[in-house]
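Presented below is the structure to which this report refers.
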Amino acid sequence: MASHSDTLVVFFGATAGANGGKLGSDEREIILLVWQIVDLHEKKVGKLHRCLVKPDTLELTEQCKEETGLTLDELIKAEPLDKVLQQFQQSVSSEVKCLGRNTCTLCVINPLVIRQALHPEASKKNLVLPECFFSFVDVRKEFQKCCPNAGPVQKLTLTSMLEYVGLPAVSEELTGVREVRSMVQSVLCILAEPYNHKFTGVETVKYKFESGTCSKTEPVDSETVIRARGLPWQSSDQDIARFFKGLNIAKGGVALCLNAQGRRNGEALVRFVNSEHRDLALERHKHHMGSRYIEVYKATGEEFLKIAGGTSNEVAQFLSKENQVIIRMRGLPFTATPQEVLSFLGPDSPVTDGAEGLLFVKYPDGRPTGDAFVLFSCEEYAQNALKKHKQILGKRYIELFRSTAAEVQQVLNRYMSTPLISTLPPSPIMPVPVLATPPFLPSASSSRDCVRLRGLPYTAGIEDILEFMGDHTVDIKPHGVHMVLNQQGRPSGDAFIQMKSPDKAFMVAQKCHKKTMKDRYVEVFQCSTEEMSIVLMGGTLNRSGLSPPPCKLPCLSPPTAYAAFPTPPAILSEAALYQPPLLAAPRPPQTTTHSPHTLAYYPPQPHLYMNMNMNYTAYYPSPPVSPSTVGYFAAPPGAVAAAVAAQPHPHPHPHPATAAPVLSQPGALVRMQGLPYNTGVKDILSFFQGYQLQPDAVLILYNFSGQCSGEALVTFPSEEIARRAVSEHSNHHFYGQQVHLVLCN
């Protein structure tokens, strides 16, 4: 404390850019330091020191040249900041010792030189400042205590203070020397009679940011909160505190914001100890963190509490341990146990209190989300844990990031209130309707915010693609990964990915093009939503470009899949409750008031179907996924549709006023079982050669993996012909496998 200090170090600094009230607002480096010691007991002064500082960037603004009178030639010969600070420390220590004193406190005319210039620059250059730079007194505030009628602190200047006490202005020409001598005169004046002032208003700079929790009921002054935008996605609370070095952030005052998928969105809300520090933080708008500039805006206390506030006892207990380093783990197997996580982290990174230092994030119904938070007692253990980033646990690679107490609160709050993303597709109204428009397809747009991956290994899965994308996975839209399947429901080696913006898509195409995945290089091209939609709706995908679908209507399943089967609730299994993304969007069925338990059949219209002899390769989309929802469902298994098809045939002569018959043309269904998984429509037509079947009479059924289920439904012109086909072909061999036929009528 200054009241217990023996000496004051009157201190002044200037930068290569703006000075005075805007000092430090333009991130310019310090180029001048001037100081002089005042003995508070003897009221004597020491030697005045003036040191030029060589900046890393040798450039001076015109304003700086005019105000300081310095030139680049002078600065080139100067020492860098670290050497000058070392010289400062040695000089001050030596003089204080020579005076027979023990302690000293900095005295400045403007706190900006400490808070907005010296500390931020030292932080960026990884310099350790002497301890005396973490406390100081403002000569204006001390003068105003002695002379309250001199005016408000903000309007006090060195000239006005000297004039108020009847002292002449200092006539020194050198910048820095003039200011220091003026401050020294003001200090000596208020130390003497009649003021006999004691310097007690010591301001401090926090050594480090303190993590902590925040209750939703805690009052937060809106004049102390800012929003920082444009942060690197891997930034921690300590990184943000370092960006605002020199300003005092409240305990637990950094809250990283998450998007709807639970991932960091590059924003944070920061709460300072008072409005003065908040106003100084706003001056750092568009200052840099690494190579990125950070935007700083005003925010409200309500916004901060919404992100950082929490009421969970479990979280409070987890965060009750002070001075812990928090790491977030993402992508854990749902079956992972605390012991498996501890073993994964290993002996080099022991978790605080073992399993008690783990917090698994769960949905309200108790299902695991794959996220967990871990406490470590020191930075060394946390660093060892971070080395495990993207290593395998079970069959999944695990992501590890630095985290914060506010992020723990936010993640738990959001997961426990409503799941961020439904882990299962939404259930439609019973009975299952035909999809008029597939829900996962984007609206057509010429915006080039998508990328196409070509040449993927056929064994590549979603996790392989996410790993291939690397840091760009954070820019993928929710449900934005579409694996493209061929007509047999197998991977085609292509995929489409929807990005958040055309710029993000361009960056992915530039950075990932011809990167290797499983010993194969993958081509990455930027494309539009419209182009992607054409392919996902059944258009041609080849090296010569894109062609529209061969039919006028959407074709998402193999071209013959133009039937859907509404099913009574009694027959539906759990799998059947989900909309089948591999089924087509067919023509609207004829108006009917028939029982919902019947089989809906759409009469063939030859002009809408592709010619089987066309030189055409159709591709179909897999169910959409996103980085946070790797698991997905495809169409219901063939057994469900077959069970529906096995329902009793309706009355052959319904009243004409009621509805169209279940089969709008004479015919009968035969179910084929035991088909090879690579069976195509042509293969089934060849099997029934001589029955004059059309391609639209065949419906191949698909399972959860998007592959052929080994079953198919075939429509014959009449029940008589269907019975003959069953008797002649049942239990015959089909490409080496015995096929069983069942008449469904």
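The values are calculated or read from the model by the stated rules, or taken from the named source; none is laboratory data. Source: prediction; values computed, not measured. Methodologically, a virtual Cβ is constructed for each residue, glycine included, from the backbone with ideal geometry; neighbour enumeration extends over all protein chains shown. The accessibility values were calculated without ligands, DNA or RNA, using every heavy atom of the protein model including side chains. Shrake-Rupley method; radii C 1.70, N 1.55, O 1.52, S 1.80 Å.
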Short version: ³J(HN,Hα) in whole Hz for each residue of the range 283-299, in order, from phi by Karplus 6.51 cos²θ - 1.76 cosθ + 1.60 (θ = phi - 60°), x for Gly and Pro, what are they? 6, 8, 4, 6, 6, 9, 10, x, 9, 9, 8, 10, 8, 10, 10, 5, 9
List the lysines whose Cα sits under 19 Å from the Cα of residue 306, skipping any in the same chain fewer than 8 residues away. 216, 251, 298
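On full extension of the chain, what length is gained from residue 677 through residue 173, given 0.36 nm per residue of separation minus the C-alpha to C-alpha distance? Walk me through the numbers on the way to the answer.
Working: separation 504, 0.36 × 504 = 181.44 nm, distance 9.12 nm.
Gain in length upon complete extension: 172.3 nm.
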Evaluate the charge dipole of the range 264-372 about its Cα centre and quote only its size in Debye, nearest 20, assuming +1 on the Cβ of each Lys and Arg and -1 on the Cβ of each Asp and Glu. 360
Exceeding 20 Å between C-alpha atoms, which entries from my cross-link table qualify? They are 321/390; 245/286; 47/206; 54/83. 321/390; 47/206
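Sort the following peptides by mean Cβ neighbour count (other Cβ atoms within 10 Å, averaged over residues), highest first: 285-291, 90-96, 165-171.
Values: 285-291: 13.4, 90-96: 16.3, 165-171: 11.9.
With the highest mean Cβ count within 10 Å placed first, the list reads 90-96, 285-291, 165-171.
At 0.36 nm per residue, and after removing the present C-alpha to C-alpha distance, how many nm does the segment from residue 165 to residue 383 gain when stretched out fully? Present the calculation step by step, with values, prior to reporting the outcome.
Details: separation 218, 0.36 × 218 = 78.48 nm, distance 5.74 nm.
Value of the extension gain: 72.7 nm.
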Set Lys and Arg Cβ to +1 and Asp and Glu Cβ to -1, take the dipole of the range 46-107 about its Cα centre, and tell me which of 76, 93, 64 lies farthest positive. 93
In straight Cα distance, which aspartates and glutamates are under 17 Å from residue 198, not counting same-chain residues fewer than 8 positions off? 6, 39, 42, 138, 142
Residues of the range 135-228: accessible area per residue with a 1.4 Å probe, Å²: 51
Electrostatic dipole magnitude of the range 126-272 [Cβ: Lys, Arg +1; Asp, Glu -1; Cα centre; debye, to 20]: 560
Positive-pole candidate from 351, 265, 319, dipole of the range 246-361, charges at beta carbon: 265
How about residue 514: which lysines have a C-alpha closer than 18 Å to its C-alpha, ignoring those fewer than 8 places off in the same chain? 504
